[in-house]
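Here the structure is laid out as C-alpha cells; the discussion comes afterwards.
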Amino acid sequence: MTDKPLPQPTPRTQPFWDALKAHRVDIQQCDDCQHWIFFPRLHCPRCFSHSLTWKTVSGEGELLTYLNTTLVSLEEDEIQVGMRVRPVFDDIVPGETTLLRYTAKR
Ligand SMILES: [Zn+2]
C-alpha cells in the first residue's frame, strides 16, 4: 500500500488501468497517422483525429530522465540515463489498483 493518493480512473483512462490490472501496458494509437499517444486523450495531438485504438505494447523503453515514473529494485548508483527498462506491475490493491513501475531490463 502507499500513502500517495490512488489513481481515480475516468471513462477515458479506464482501459489503461484495466490493462495494468491484467499486467499489460495498453496505450492509444491514432488510426489515421499511427502516432502513439500517452497519456489517454480524446484526439490525436498530431493530426487531431478522434479515431484512436487501444493497443498492447511491451512497455519496455529507455530511461531518458529521472522524472515521471518510479524505478524499483535498483540501487541509486545503478540508475543511468540511456539504460534499458522494463515494466513492473505493482498490485498495490490486488484486483483493484495496479501501478506501473519500472526496473532495469537485464
Ligand atoms: Zn493522428
### Query
With a Cα-only, solvent-free Debye model of region 11-57, what are the log10 I(q)/I(0) values at q = 0.13, 0.16, 0.26, 0.31 Å⁻¹?
-0.25, -0.38, -0.88, -1.13
### Estimated distance in nm for a label pair at residue 105 and residue 64, the labels positioned 7 Å out from Cα along Cα-to-Cβ
1.6 nm
#### Entry: Relative contact order for the chain, counting Cα pairs under 8 Å that sit 6 or more residues apart, in percent
24 percent
### Message
Can you compute 3J(HN,Hα) from phi for each residue in region 34-47, using the Karplus curve 6.51 cos²θ - 1.76 cosθ + 1.60 with θ = phi - 60°, rounded to whole Hz and x for Gly and Pro?
### Response
6, 5, 7, 10, 8, 8, x, 9, 7, 9, 6, x, 8, 10
### Message
Taking the Cα of residue 89, stepping 7 Å toward and past its beta carbon, and measuring to each backbone N in region 24-43: which are under 16 Å?
### Response
24-27
## Note on the structure
Hydrodynamic calc, region 59-106: Kirkwood Rh from Cα pairs, then Stokes-Einstein at 25 °C with viscosity 0.890 mPa s, so D in µm² s⁻¹ is 217 µm²/s
### Task
Return a whole-number percent for the relative contact order of region 59-106, with Cα pairs under 8 Å and 6 or more residues apart as the contact set.
41 percent
### Query
Mind listing the phi-derived Karplus ³J(HN,Hα) values for region 19-27, rounded to whole Hz, using 6.51, -1.76 and 1.60 with θ = phi - 60°, and x for any glycine or proline?
5, 4, 4, 8, 6, 10, 10, 10, 10
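Rank these for me by crowding, 89, 39, going from fewest to most other beta carbons within 10 Å. Each step should come with its number before you reach the end.
Numbers: 89 16, 39 9.
The order, fewest Cβ neighbours first, is 39, 89.
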### Message
Using 0.36 nm times the number of residues separating residue 14 and residue 96, minus their current alpha carbon distance, what extension gain do you get?
### Response
28.3 nm
### Task
With N denoting the number of residues in the chain, provide Rg(C-alpha) divided by 2.2 N^0.38 Å, to two decimal places.
1.16
### Task
Take the alpha carbon atoms of region 32-91, find their radius of gyration, then divide it by 2.2 N^0.38 Å using N residues; give the quotient.
1.44
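Computed from the coordinates by the stated procedures, all read-outs in this text should not be read as laboratory data. Worth saying up front: this structure is predicted, and the values here are computed from it rather than measured. Cβ coordinates were reconstructed from backbone atoms using ideal geometry, including for glycine residues, and neighbour counts include every protein chain displayed.
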